[in-house]
2 protein chains.
Amino acid sequence: MSFTRIDALGASGLAVLLAAAVGVGCSPRPTGQVSSTPAGSIANLMKERGLSEADVSAALQTYMPTGKKDEYYTFASGGHGGNMIVIGVPSMRILKDVRVFTPEPWQGYGYGDQSNQILKQGSRFGKEMTWGDMHHPALSETGGDYDGEFVFVNDKANARIAVVDLHDFVTKQIVTSELIQSDHGATFVTPNTEYVIEASQYPAPLGGGYAPIEDYKDKYRGAVIFWKFDREKGRIDPDRSFAMELPPYMQDLADAGKLGSEGWIFINSFNTEMSYGGTLEGNPPLESGASQNDMDYMHIIDLKSAEKVAAEEGKTKKIAGMKVIPLDIANEEGLLHFVGEPKSPHGICVTPDGKDLVVSGKLDTHATVYSFEKIKGLIDAKKYDGKDAYGVPILPFKDSIRGQVELGLGPLHTQFDNKGNAYTSVFIESTVAKWSLKDLKLLGKQKVHYNVGHIVTAEGDTVSPDGRYLISINKWAIDRFAKVGPLLPQNLQLIGIDGEQMQLLYDMPLPLGEPHYAQMIKADKLDPIDIYKPAGIDVFTGEKSEFAVKAKEERIERKPDGVHVYMTAVRSHFTPDIVRVKKGDTVHLHITNVEQAIDATHGFTIGSYNVHASLEPGKHVDITFVADREGIFPFYCTEFCSALHLEMAGYFLVEPG
Amino acid sequence: MSFTRIDALGASGLAVLLAAAVGVGCSPRPTGQVSSTPAGSIANLMKERGLSEADVSAALQTYMPTGKKDEYYTFASGGHGGNMIVIGVPSMRILKDVRVFTPEPWQGYGYGDQSNQILKQGSRFGKEMTWGDMHHPALSETGGDYDGEFVFVNDKANARIAVVDLHDFVTKQIVTSELIQSDHGATFVTPNTEYVIEASQYPAPLGGGYAPIEDYKDKYRGAVIFWKFDREKGRIDPDRSFAMELPPYMQDLADAGKLGSEGWIFINSFNTEMSYGGTLEGNPPLESGASQNDMDYMHIIDLKSAEKVAAEEGKTKKIAGMKVIPLDIANEEGLLHFVGEPKSPHGICVTPDGKDLVVSGKLDTHATVYSFEKIKGLIDAKKYDGKDAYGVPILPFKDSIRGQVELGLGPLHTQFDNKGNAYTSVFIESTVAKWSLKDLKLLGKQKVHYNVGHIVTAEGDTVSPDGRYLISINKWAIDRFAKVGPLLPQNLQLIGIDGEQMQLLYDMPLPLGEPHYAQMIKADKLDPIDIYKPAGIDVFTGEKSEFAVKAKEERIERKPDGVHVYMTAVRSHFTPDIVRVKKGDTVHLHITNVEQAIDATHGFTIGSYNVHASLEPGKHVDITFVADREGIFPFYCTEFCSALHLEMAGYFLVEPG
């Protein structure tokens, strides 16, 4: 049999060639299902469905047969959904939608005392927020490598950071400082997750409070917060965290140095023009006001030295409860340097070896590659091109860079593979550009659909990227999917990057918020639990709850603070299944799912009381509310748990008071 | 070239055969992307990824190349997520997550005056609900066929019905009646969508109010509400709706007759034992109390006659504002009949020809097929097996049925294809059973993973199903997907049903609520809009808002009721971009996205004020709030809209009062 080229063979020849390849000879699948006769041959399917050879290749690279597991998890921010989406790669199936800043009843997040407590931590100026604008997830790292333990996310709108525990994929903490009024350079972690970085975006008076906008240059400021992470506790420790005051430019993305540049932090900025809009008042709009200068400033922060300064008496101020290194101290101590960045930069990305930094300007056509060694040399030699209006020394641009590579219109963000290549999203022309880090040479482009923001490669922010896969996080989908009204999904395109040329593998519509960034981690680095053990775990503390209920110990107790209902859930009943209270009673439900079988989740609701809980196996939930309406309110299990699930119900009886 | 059987060829032979099938000869894709060289041949990919021939066939039947559109939309309820998930078939990609009972910030649902008004309609006893438990979506029908205009959904926990408009995939109305305290036989529509059916599940005193549970048989009741749909207005008209009182059994699923049985409504029930739990008080749990009788009652309702009776003076009572036909009047007028159903039935499904009804009992092993003709004959002849305790005549079981077919343990729900076959989910053994409607013969089973609840076939509830695809809505996933903590996704399995044997095509994890039911409609039946035209549309009314703002007419006006901000959004600025108010002011934002380009969506937020909006092209949103905290609060566009998106920002300045 000869090696026949498909193009020489033609469609009908191909049909003959492949006709028998998939047919009645298939053996039953090992999963025990009834043996299936495929509906047609490969060639027939290609013809019927209009599939090209590249489509067949892509299909077979992404299809995940029943029971087989994806190789990577991608953690994508949900933008103003306030959620984080977990996507399996290469199948691009959504495995989880972790709610972080936004309540979600199926998960019971924001329903019940435990998760309400987490959300309440995120209050701003004493008010609870019911949503967030998540931009940049950061996986916890050990030695510059993702370790699969935690993921940190930010809320740009309300300047918050959350900790999601990858042992159970649940949000465990939200921290916020009223020092700043928005963030964007968040979250990014240092190589051993000592700190979680949060840089402000839109300047405002530090700590809140009013100042006329005409006093922008004098009274408005940016800041970067270094949140201290306590890995043992799995929580950020605000008391050991500190911040640094920054000029009122708009700080943008950040990244932490690694290997040789470990201990250094890099933050982009734009609007060094300090424009603030006011079009109805005769000012230029921010979009043009902020685009006047040819160069903005990369912020280079010596974190190790800053940490020492922050620990010294008298070197910091407390603002809104946060320890802050003022700008003049930062300058005195040499903690902060600037270097020019071409016009309105967006991405700042440290290369895997820690030696270079890649910056792309939205209004520039290049990726600019800075050498950390050169930057460090200039800092050590105090070789400046002067200082900015706030006294920050500026390093000479040309002496800081290793070179530039022209990529196209609107380059934004860069990721890396395992072969020394870089990949940069090019927003305006809707492409991903592949280029050589060593030679600064453009190697190829892949068209994407459309308006790509960030991109992510497998293990792309670590010291050892994997190559293999890249996801292009496209902001617009336009004509890619069946219509669903004016609000379109995003299009996340999976691209194979192991070959010389990039290969488009899969279009994934994402209609759950708007991912700004994502990180992709090897699936075998995670080892999440299936069951809360022993039964009665409070997910907020991770410990057995003092209110945990055991089978046969269910009871209802009237106490001075109200009626306490100690309830268990198990297929297919709640005990007790009749709860009698009087109108006006405060009710404390303490519900334990006593099951210890995988997937044996129950839900709990009381009709018309807006009470709901998700009870995964072993989980304990407390729910406090006032029985302020008399009547007969059914309660039932909301998760289809068994054949007699509909019978898993009871009555909440509220007698007239 | 001979037709070589793949099993005779062996793996290495196959590799040779296919080595050249996919290779460097691929021509560039028509979409303009750079030509891709597939990473390997089909055979190599099969080997590398462990794909069987059946997997290859399944992959090629489900893969959707970039830019090609899915053939069907599946509308799946989100269970206690309170959402509806729109899934493309055959790719099983999620195209939309329509929020119905639960706020969601990315869509701006529950953020802004318009969508808050919709959610507020769903208040129960004066209190807003922030979630729902959606079970059964029903697409609007014309002549018994899906027409693609609307979809109706229910909230079991709070007895509510919502109307989702498929012109823009937005929830437009929520109705509720305090007559009942939960629902389950909802929503189902009559063949021309004259009525949307909502049957209660857990009995309670009608209209709310307290009665001791010991008075269950006397004072607790079920009911079915016939919500009148006004198609021209696209809204349910509560004033033209009516209900019928039912005995305190637990009414379950419902279906409407079609063709010959049009005008008749069928509702399952269980717990004709009238057990109500009370295990701590010495009673049996509901799960066993409700499983004593060998037969429960199918409710057969003559809707056309009921409609006439409801229109007569003195034949109805007003309860909680709803016109109700009391049980004694229903009996007098012959509106309601019962017939026995084997042990704890779940599904009740009218066949496409309207002639038969299929019922499956959770604790029975059969599908029981009733003949509508026989039932009608018995009703006309008044041939009864006596009456129940509430005076409802009971038709003789054996004279009502056409036969039974043994399917396995725990059959639940039945769907149909275009070849006279029925498919029934079998919960306990985790299979889908295919059987012949004509012969009542089992034809085959497909293993599913795991615990299938409902199933859905293409156009499966219409008078002319399509065949082709079936989705098995599996409640448990257990070992199918990469681990994501104790709360697992569901597994929706796509099954090809055009061949003699069913073929498992795709495993789709669904971690967004828990679908109970779904309907699948041909994609070309829908024609949703892309853009709200003209700019300034209030999505709640569908009309141009009185507050719509045009470019160059932006302004800020102080009026007696507060500060009115007339704002436009367009790439890349808001006008005005500085808003000055005083602490304590009521602020009325009126924001119009003046863009008319597909996908040109903007978002709007004011930091720390919990204010958010999604502004699709042409949409107008009003937001009312009190500026109760002084300070400087950035506002910005939350949807990545353009290269200068980050510059689409402004300041909300709250001066001390």
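The values are calculated or read from the model by the stated rules, or taken from the named source; none is laboratory data. Just so it is clear, the model here is predicted, and its values are computed rather than measured. In this analysis, Cβ positions are derived from the backbone assuming ideal geometry, glycine residues included, and neighbour counts consider all displayed protein chains.
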Subset of the stretch A:151-167 (residues that are of a type outside the set (A, V, I, L, M) and buried (at least 24 other Cβ atoms within 10 Å of the Cβ)): A:PHE152, A:ASN154, A:ASP155, A:LYS156, A:ASN158, A:ARG160
Hits in the stretch A:456-507 - residues which are small (Gly, Ala, Ser) and free of Cβ contacts under 8 Å to residues at least 60 places away in the same chain: A:GLY467, A:SER472, A:ALA477, A:ALA482, A:GLY485, A:GLY499
Residues being part of a loop (DSSP other than H, G, I, E, B) and within 30 Å of B:GLY108 (Cα to Cα) - total across the stretch A:41-98: 6
Hey, B:LYS323 without any contact (Cβ under 8 Å) to a residue 40 or more places away in the chain, under 17 Å from B:ILE225 (Cβ atoms) and either part of a strand (DSSP E or B) or of a type in the set (Gly, Ala, Ser) (or both) or not: no
Residue check, B:SER360 in contact with a strand residue (DSSP E or B) (Cβ under 7 Å, 6 or more places away or on another chain), at positive phi and buried (at least 19 other Cβ atoms within 10 Å of the Cβ): no
Given (1) more than 24 Å from A:SER305 (Cα to Cα); (2) in contact with a strand residue (DSSP E or B) (Cβ under 6 Å, 6 or more places away or on another chain); (3) among the hydroxyl-bearing types (Ser, Thr, Tyr), index of the condition A:TYR195 fails: (1)
Per-region count, the stretch B:616-629, residues in contact with a His (Cβ under 6 Å, 6 or more places away or on another chain) and closer than 23 Å to A:PRO103 by Cβ: 1
B:THR457 vs. criteria β-branched (Val, Ile, Thr) and not assigned by TED's automatic domain parsing to the domain that holds B:THR624: yes
Filter result (more than 11 Å from chain B (Cβ to nearest Cβ), part of a strand (DSSP E or B) and of a type outside the set (A, V, I, L, M, F, W, C)) within the stretch A:433-457: A:SER436, A:LYS441, A:THR457
Single residue of A:THR414, A:THR368, A:THR351, A:THR424 found to be in contact with a Cys (Cβ under 7 Å, 6 or more places away or on another chain) and assigned by TED's automatic domain parsing to the domain that holds A:GLN292: A:THR414
Residue satisfying all of: in the stretch A:638-657; more than 7 Å from chain B (Cβ to nearest Cβ) and small (Gly, Ala, Ser); nearest to the chain's Cα centre (by Cα) among these: A:SER642
The stretch A:99-110, subset at the interface with chain B (Cβ under 7 Å from one of its Cβ atoms) and touching a residue at least 40 places away in the same chain (Cβ under 8 Å), residue surrounded by the fewest Cβ atoms within 10 Å (Cβ to Cβ): A:GLN107
Any hit, the stretch A:503-518, residues being surrounded by 19 or more Cβ atoms within 10 Å (Cβ to Cβ) and among the hydroxyl-bearing types (Ser, Thr, Tyr): yes
Test: residue in the stretch A:309-320 that is touching a Lys or Arg at 6+ places or on another chain (Cβ under 7 Å), under 21 Å from A:ASP218 (Cα atoms), touching a residue at least 60 places away in the same chain (Cβ under 8 Å) and not aliphatic (A, V, I, L, M): yes
Answer residue from the stretch A:470-513, given it is part of a strand (DSSP E or B) and under 16 Å from the mean Cα position of the chain (by Cα) and is farthest from the other protein chains (Cβ to nearest Cβ) among those: A:ILE471
Which listed residue, of B:ILE632, B:ILE598, is farther than 22 Å from B:LEU653 by Cβ, at the interface with chain A (Cβ under 8 Å from one of its Cβ atoms) and out of contact with any His (no Cβ under 9 Å at 6 or more places or on another chain): B:ILE598
Residue match in the stretch A:411-427 (condition: at the interface with chain B (Cβ under 8 Å from one of its Cβ atoms) and either within 25 Å of A:LYS522 (Cα to Cα) or not in a strand (DSSP E or B) (or both)): yes
Strands (runs of 3 or more DSSP E) completely within the stretch A:517-619 that count 3 or more residues being within 30 Å of the chain's Cα centre (by Cα) and modelled with pLDDT of 95 or more: A:518-522, A:602-606, A:611-615
Unique match (being among the basic types (Lys, Arg), in contact (Cβ under 8 Å) with a residue 12 or more places away in the chain and more than 8 Å from chain A (Cβ to nearest Cβ)) among B:LYS69, B:LYS120, B:LYS96, B:LYS47: B:LYS47
